[in-house]
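Taken together, the values in this text are just the output of simple stated rules run on the coordinates, not laboratory data. Note that the coordinates shown come from a computational prediction; the quantities given were computed from them, not determined experimentally. Positions of Cβ are backbone-derived with ideal geometry, glycine not excepted, and every protein chain shown enters the neighbour counts.
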Amino acid sequence: MEVSLQRFFKVLMPGFHTKIMLPPVMDNEELLVGEEAKESELISRKGRWKVIIKKSCEGRLWFTDGWGEFVRQHDLALGDFVVFKHIGALRFKVTLFDPTCCEKDFPAGDLQPQTTTDDDEEVQGQKQNDQKLNNSGVLTRKRGRPAENKISLDQSQLSVVMKSYNLRTTGSYLVYDF
C-alpha cells in the first residue's frame, strides 16, 4: 500500500519540550506497521535531527527521543508553530514560525547548507546563466542591463539599500506592494 505524503502543523502548547503528538491523519499512514517505535529525521535550515516516533497504547504517534534536542537547538517557545512536510521514508522538512506568524530567523553561523535536488540544481543553473557579475561587481543580465532586485518568497526578511540622503531625513518609505 502506497503512503500518501502529508503536510501538517503543530502549535506549541504546554508540554511540547519533551514530546509532541502527530495529527490523527498520520496514525492512518501505516508508518509504524507492527512496530512500537522507529527513527525519523527532521530537516530544518539548521540541519538534520534524528527523532524517534513512538506509538502510544491508544495507537497515536509521537515525536519523542531527540525531540527535546530539536526544541533546544531551534529555541522553540510556547506559541511558536511548526510546519511539517512528510517527504517520505519518515523524513520531515520542518519550517518554524514564531507567534507573530513570521518564520523564525537564525544567526548565519547557525544555518547549515541545504542539500539540493536535481530540480533545484536545474533552476539554479538557469539563474546563473541569466545573471552574472560584471567587472564592477554589479549584477547584470545577459544583455548587460542591471538585474532587477527581487526577493525570494522563501525569505522572511526585507532588504533595503540606504543612500546618504536617507540619513538626512527622520524616516524612510517602504513600498507597500512588495
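Structure summary
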{"item": "Rounded to whole Hz, the Karplus (6.51, -1.76, 1.60) HN-Hα couplings of region 51-58, x for glycine and proline", "result": "10, 7, 9, 10, 9, 7, 5, 7"}
{"item": "Two-site FRET efficiency, LYS50 against MET162, from Cβ-Cβ distance with R₀ of 45 Å, rounded to 0.05", "result": "0.55"}
{"item": "Residues of region 62-80 with amide N under 14 Å of a point placed 7 Å along Cα→Cβ from ALA37", "result": "62-68"}
{"item": "Placed amide H near GLY47: partners under 5 Å, 5+ positions off or other chain", "result": "GLN112"}
{"item": "Karplus 3J(HN,Hα) series, Hz, for region 76-84 with 6.51 cos²θ - 1.76 cosθ + 1.60 (x for Gly, Pro)", "result": "6, 9, 3, x, 5, 9, 10, 9, 10"}
{"item": "Pairwise FRET efficiency - LYS10 versus CYS57, Cβ, R0 = 22 Å, nearest 0.05", "result": "0.55"}
